[in-house]
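Here's the structure, in structure tokens; my notes come after.
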Amino acid sequence: DTGVSQNPRHKITKRGQNVTFRCDPISEHNRLYWYRQTLGQGPEFLTYFQNEAQLEKSRLLSDRFSAERPKGSFSTLEIQRTEQGDSAMYLCASSLGTGGGGTEAFFGQGTRLTVV
Amino acid sequence: AQSVTQPDIHITVSEGASLELRCNYSYGATPYLFWYVQSPGQGLQLLLKYFSGDTLVQGIKGFEAEFKRSQSSFNLRKPSVHWSDAAEYFCAVALNSGYSTLTFGKGTMLLVSP
């Protein structure tokens with residue numbers, strides 16, 4: 001078990017370009033979460049999956065943000081038409097969830113996005 | 001909606017001294033409370049959590065936290081700080097024990113002086 005893996009670790013993109021980040025959760029974990037962390041703030045919840053089902057997406061910041069987890073394993077977070085305000089650390093976490101309970105969430109090291 | 005307040009943006013503590021980081025939450029029902037630590041270039045690591053029962057919870061690395069419902073607080077403590085404890089600490093609250101939605105505070109940066 002190598003923990004939650006996120007790629008790339010850093011991404012610099014020009015305003016208006018699309019970017020996609022990948023998260024590989026801990027292999028037996030069925031829940032996967034995306035958070036965004038801006039400078040001086042705590043992580044902000046974006047969305048989460050249980051297996052391949054996206055159970056909460058109302059917190060995605062705009063319709064430019066979308067996430068997928070097609071086979072219930074890895075997940076991707078895409079930002080279309082990036083803006084400078086999208087510059088942040090994007091964190092992924094995973095856990096083993098059962099009903100209303102579950103294990104702690106393990107976080108990856110994040111992908112730092114810089115929009116220039 | 002739930003919220004978390006960490007009133008101290010940064011704190012400096014001498015190595016070997018005791019530490020207390022403050023956390024206040026706002027949530028109508030029984031909260032599920034957590035403390036995470038984030039070191040530079042590292043992901044968030046769970047220090048401890050409170051779901052129910054004993055209001056004093058023990059965590060990893062010698063940390064403990066006390067839940068006080070009357071004060072809506074969940075302060076983190078350590079009796080003797082080590083230089084390796086320098087990091088950013090986040091308090092968080094969840095709707096249930098399944099961690100489906102964590103609401104974090106803004107964090108407290110801990111600096112440790114020699």
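Values quoted throughout were computed directly from the atomic coordinates according to the rules given, and no laboratory measurement underlies them. Everything numeric here is computed off the predicted structure, so don't read it as measured data. Cβ atoms come from the backbone with ideal geometry, glycine included; neighbour counts cover every protein chain shown.
Some points to look at:
- Loop-located GluC sites (Glu not before Pro) in the stretch A:24-116, at most 10 other Cβ atoms within 10 Å (DSSP): A:Glu28
- Residue-averaged beta-carbon neighbours from other chains (10 angstrom radius) around B:105-112: 1
- In plain terms, if you count all Cα to Cα distances in chain A and split them into 5 Å steps from zero, the share in each step is 2, 13, 23, 26, 19, 10, 5, 1, 0 percent.
- Averaged over B:43-52, number of beta-carbon atoms from partner chains that fall within 10 Å: 3
- For the stretch B:1-107, GluC sites (Glu not before Pro) meeting the loop criterion (DSSP other than H, G, I, E, B) and having at most 15 other Cβ atoms within 10 Å: B:Glu15.
- Projecting the Cα atoms of B:Ser70, B:Leu47, A:Leu113 onto the charge dipole of the protein assembly as shown (Cβ charges, centred on the Cα centre) puts A:Leu113 farthest toward the positive pole.
- Inter-chain Cβ neighbour average for residues B:86-94, partner chain, 10 Å: 1
- The stretch B:1-112: translational diffusion in µm²/s, Stokes-Einstein, Kirkwood Rh over Cα pairs, 37 °C, 0.692 mPa s: 235 µm²/s
- Karplus-based coupling profile of the stretch A:74-85, in residue order and whole Hz: 6, 10, 10, 10, 10, 10, 9, 6, 4, 10, 4, x, with θ = phi - 60° in 6.51 cos²θ - 1.76 cosθ + 1.60 and x standing for Gly or Pro.
- Computed about its Cα centre, the charge dipole of chain A is approximately 440 debye, with only Lys, Arg, Asp and Glu carrying charge at their Cβ.
- Dipole of chain A, positive direction: furthest Cα of A:Thr103, A:Trp34, A:Phe65, with charges on the beta-carbon: A:Phe65
- Dipole magnitude (debye, nearest 20) for the protein assembly as shown, charges at Cβ of Lys, Arg, Asp, Glu: 500 debye
- Sites B:Leu56 and A:Gln41 - FRET efficiency at Förster radius 22 Å, r taken between beta-carbons, to 0.05: 0.15
- Only Cα pairs under 8 Å and 6+ residues apart enter the sum, and on that basis the relative contact order of chain B stands at 37 percent.
- Counting DSSP beta bridges with both ends in chain A, the antiparallel % (nearest 5): 90 percent
- Placing +1 on the Cβ of every Lys and Arg and -1 on the Cβ of every Asp and Glu, with no other charges, gives chain B a dipole of roughly 220 debye about its Cα centre.
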